[in-house]
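This is the structure, below, for whatever I ask next.
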Amino acid sequence: FFFRGVAMVDVEESLEESLERAGPSTHRLHIDGLPSDVSDAELARRFTPFGEVREASVIRGADGACRGFGYVSLHAAPPEVARCIKAYTGTRWRGKRLAVAPASEDYMTRLKREWEEAAEQRRAEEAAAGAAAAAAAAERPAAHDPATTR
């Protein structure tokens, strides 16, 4: 296929190349199979070879014991994150087999994003309503004012 003289194959290759060269961003990872005695700091140290660890949290039960999973927010380029996932998935750490995968957004981040999207939607609707009202006012003939005409 061609689009304005550019083969679609070239466009697809360019997209893949740009994704590979994409700059670092923060990726939230779900880590399953954590040892019961691991700390947040140990989890963070484990992932630092792949990028800047912005946050590491081991999920604990009411008794304070590790529930076997946690989350790491890793600031790195997508290829480094993929390399991290591949390197750690299936490896053993203190006798436990790890599973690493991209995590869904945490609740508060998702809630903040949804509020911002809803506010933006309201602003767009208000702007559209204002523009429609202005257009309607411009289309109406001027009202006859007896005080200004003699």
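If I filter the range 60-83 down to residues being open to solvent by less than 30 Å² (accessible area, probe 1.4 Å) and not in a loop (DSSP other than H, G, I, E, B), which single residue comes out as farthest from residue 32 (Cα to Cα)? Lay out the reasoning, then the answer.
Taking the range 60-83 and keeping what is open to solvent by less than 30 Å² (accessible area, probe 1.4 Å), we get 61, 66, 68, 70, 72-74, 76-77, 81.
When the remaining residues are screened for being not in a loop (DSSP other than H, G, I, E, B), the result is 66, 68, 70, 72-74, 76, 81.
Values: 66: 11, 68: 6, 70: 7, 72: 11, 73: 14, 74: 16, 76: 20, 81: 16 Å.
If we take residues in the range 60-83 being open to solvent by less than 30 Å² (accessible area, probe 1.4 Å) and not in a loop (DSSP other than H, G, I, E, B), then 76 is farthest from residue 32 (Cα to Cα).
With the requirement that a residue be farther than 15 Å from residue 95 by Cβ, buried (at least 19 other Cβ atoms within 10 Å of the Cβ) and over 22 Å from the mean Cα position of the chain (by Cα), what does the range 29-42 give you?
none
Could you grab me the full set of residues in the range 84-95 that are surrounded by fewer than 16 Cβ atoms within 10 Å (Cβ to Cβ) and not hydrophobic (A, V, I, L, M, F, W, C)?
Scanning the range 84-95 gives 86, 89, 90, 91, 92, 94, 95.
Examine the range 100-115 for a residue that is part of a strand (DSSP E or B), touching a residue at least 60 places away in the same chain (Cβ under 8 Å) and open to solvent by less than 60 Å² (accessible area, probe 1.4 Å), and state whether such a residue exists.
Yes, because at least one residue in the range 100-115 is part of a strand (DSSP E or B), touching a residue at least 60 places away in the same chain (Cβ under 8 Å) and open to solvent by less than 60 Å² (accessible area, probe 1.4 Å).
With respect to residue 148, determine if the residue is open to solvent by 90 Å² or more (accessible area, probe 1.4 Å) and modelled with pLDDT under 95.
Working: open to solvent by 90 Å² or more (accessible area, probe 1.4 Å): yes; modelled with pLDDT under 95: yes.
It is true that residue 148 is open to solvent by 90 Å² or more (accessible area, probe 1.4 Å) and modelled with pLDDT under 95.
The values are calculated or read from the model by the stated rules, or taken from the named source; none is laboratory data. In this text the structure is predicted, and so the values were computed from the model without any measurement. Positions of Cβ are backbone-derived with ideal geometry, glycine not excepted, and every protein chain shown enters the neighbour counts. What goes into the accessible areas is simple: the full protein's heavy atoms, side chains included, and nothing from ligands, DNA or RNA. Shrake-Rupley method; radii C 1.70, N 1.55, O 1.52, S 1.80 Å.
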